[in-house]
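The values are calculated or read from the model by the stated rules, or taken from the named source; none is laboratory data. Just so we're clear, the structure is a prediction, and the values are computed from it rather than from any experiment. Heads up, the Cβs are rebuilt from the backbone with ideal geometry, glycines too, and the neighbour counts pull from every protein chain shown. Note: areas computed on protein heavy atoms with side chains; ligands, DNA, RNA excluded. Shrake-Rupley method; radii C 1.70, N 1.55, O 1.52, S 1.80 Å.
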Amino acid sequence: MRYLFKTGLLFLFLLWGFSVHAELVLEVTRGNDKAVSMAVSPFSWKGDKVLPEDPAAIIDNDLKLSGLFKAMPRSSMLSFPSSESEVYYRDWKVLGASYLVTGQVLLKDNAYTVNYQLYDVIRGKRISKGGFTGNGSQLREMAHRVSDAVYEKITGLKGDFSTRILYVTAQRYDAKRTDYQLNYADADGKRNRKVFSSSEPILSPSWSPDGTKVTYVSFEQGRPAIYMQELSTGIRKKLTGFKGLNNSPVWAPDGKSIAMVLSKDGNPDVYVLDLSSNKISNVTTHYGIDTEPDWMPDGKSIIFTSNRGGSPQVYQQDISRKSNGEFIPQGKPRRLTFEGRFNARAKVFPDGKSLALVHKGQGAADFNIAILDLDTDRLRLLTSSKLEDSPSIAPGGRRLIYSVQGGENGELGIVSADGRVKQRLPSAEGDVREPAWGPSIELR
């Protein structure tokens with residue numbers, strides 16, 4: 001059992017000195033030397049009240065934090081155009097801008113509309129335009145969607161600015177009292193909101209594919225149990241509370257089942273809960289410890305961590321689902337990792353071609369985030385702090401979020417999949433861990 005506590009519970013239980021209410025602050029620690037110059041002009045405003053958000057500033061910040069763009073400060077701009085007729089390409093060329101974004105915010109019948117235009121300064125033409133409508137509380141979401149649209153038009157890749165992240169915080173008052181809280185926030189760390197709080201640990205949060213529900217492990221009844229909760233209503237449902245371990249819930253790609261780790265039959269193994277039938281199926285069986293599952297994108301196999309080979313490594317088990325909701329293992333598990341003495345907590349990239357995982361090399365003292373290419377078996381380190389854990393991948397597969405420990409306060413880190421851009425998301429007042437990157441926010 002020593003390995004289990006090392007790979008799963010060591011990282012999960014060391015929750016000291018947290019702040020419950022502090023907003024995350026996104027800081028760039030390493031940028032891209034080849035970033036493209038982008039200017040986002042302040043959006044014009046037509047309404048009879050004060051505009052509650054600055055959409056242009058949000059868009060400017062999003063694009064800057066992507067690492068692909070460098071933002072032009074407003075103080076350097078020669079004008080603030082709000083329509084195409086006011087755009088003088090020569091002025092923006094002189095300033096060194098490659099692209100320009102302008103926009104307008106309109107208020108009518110309590111509905112806000114955010115329109116935008118994207119200009120290619122070098123070619124001297126508008127290349128895109130669009131708009132989004134919602135209520136006043138959705139202005140940030142609409143701005144993030146503009147960022148996604150601009151990013152996709154220029155790069156050809158979907159943006160992840162309108163996504164959200166889950167994370168755990170806690171506040172320690174003394175040796176006998178620590179309050180824990182599960183939170184979610186926009187991908188830039190803003191608008192943090194509480195999901196659930198407890199005087200006992202909260203672990204392993206996971207998003208449903210549609211972003212409306214989350215699962216997590218709570219010790220509120222004195223032992224671990226897995227819960228599902230709707231974000232809009234706060235309604236909770238206890239999924240499992242067996243004797244022993246109930247850990248690491250993760251949703252299947254179709255949202256119809258959840259993989260998890262249970263030890264109700266002896267050793268910890270991977271099980272799958274079918275949500276429609278409530279049937280629980282055992283998909284790995286071994287005298288070793290199988291833990292930390294994740295799904296391949298097609299839902300036909302599960303990866304997991306096991307010490308069955310003598311050290312923590314990542315394996316893949318094919319599965320099939322019967323009409324009654326039972327899941328059946330197909331063949332024997334295949335070992336995926338061989339380099340290093342520790343590979344665990346693997347997460348699958350959206351295209352199914354790579355894994356993000358926690359890696360420790362043969363002689364290394366640190367636990368770092370790495371990417372394993374499943375076609376070539378090439379393993380590439382992304383980070384270099386002393387103790388890193390819990391990687392989670394953005395929906396587009398271009399950024400990862402993870403926890404960074406070992407300093408005075410734990411914090412979250414974000415790194416681009418190529419390792420060129422790095423950011424930190426510390427809490428303004430304390431310590432944060434257990435991140436999970438969720439799907440895009442729907443405007444409703």
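For a straight C-alpha distance cut-off of 26 angstrom, the lysines reachable from Lys70 (same-chain residues fewer than eight places away being disregarded) are Lys34, Lys93, Lys125, Lys129, Lys153, Lys158, Lys190, Lys422. For the chain, find the longest principal axis of its Cα atoms and tell me its angle to the long axis of helix 55-65, 0 to 90°, nearest 10. So the helix axis and the longest Cα principal axis differ by about 50 degrees. Decide, for the range 288-357, between rounded, prolate and oblate: order the square roots of the alpha carbon gyration tensor eigenvalues as a ≥ b ≥ c, take rounded if a/c falls under 1.5, and otherwise choose prolate if a/b is larger than b/c, else oblate. Judged from the Cα gyration tensor, the range 288-357 comes out oblate (a/c at least 1.5, b/c at or above a/b). Sparsely packed loop sites in the range 344-378 (the trypsin sites (Lys or Arg not before Pro) outside DSSP H, G, I, E and B with at most 15 other Cβ atoms within 10 Å) comprise Lys353, Arg378. Kirkwood hydrodynamic radius computed over the chain comes to 23.0 Å, based on all pairs of distinct alpha carbons. Only helices enter the 222 nm calculation for the chain: every DSSP H run of n ≥ 4 contributes -39,500 (n - 2.57), and dividing by all residues gives -2500 deg cm²/dmol, rounded to 500. Placing unit charges on the Cβ atoms of the charged side chains and taking the dipole of the chain about its Cα centre, the candidate lying farthest along the positive direction among Trp437, Gly310, Leu379 is Gly310.
Summary of the geometry: the range 58-77 and the range 305-341, compared by the centres of their Cα atoms, lie 44 Å apart.
Measuring between alpha carbons in the structure, the pairs from Lys194/Lys353; Lys64/Lys347; Lys332/Lys353 lying more than 30 angstrom apart are Lys194/Lys353.
Both radii are taken from the alpha-carbon atoms of the range 172-329; with Rh as the Kirkwood radius, Rg/Rh is 0.98. Heavy-atom accessible area for Thr305, with the other protein chains in place and a 1.4 Å probe, reaches approximately 0 Å².
Of the residues Ala356, Ala370, Ala111, the one that moves most in a GNM of the chain with alpha-carbon contacts below 10 Å is Ala111. Computed on the range 135-200, the Cα convex hull volume stands at 96 Å³ per residue.
Using Cβ point charges alone (K and R +1, D and E -1), the dipole size of the chain about the Cα centre works out to roughly 400 debye.
Scalar couplings 3J(HN,Hα) for the range 261-267, obtained by applying the Karplus form with A = 6.51, B = -1.76, C = 1.60 to θ = phi - 60°, are 10, 10, 10, 5, 9, x, 6 Hz; x denotes Gly and Pro.
Relative to the longest principal axis of the Cα atoms of the chain, the long axis of helix 139-155 lies at roughly 90 degrees.
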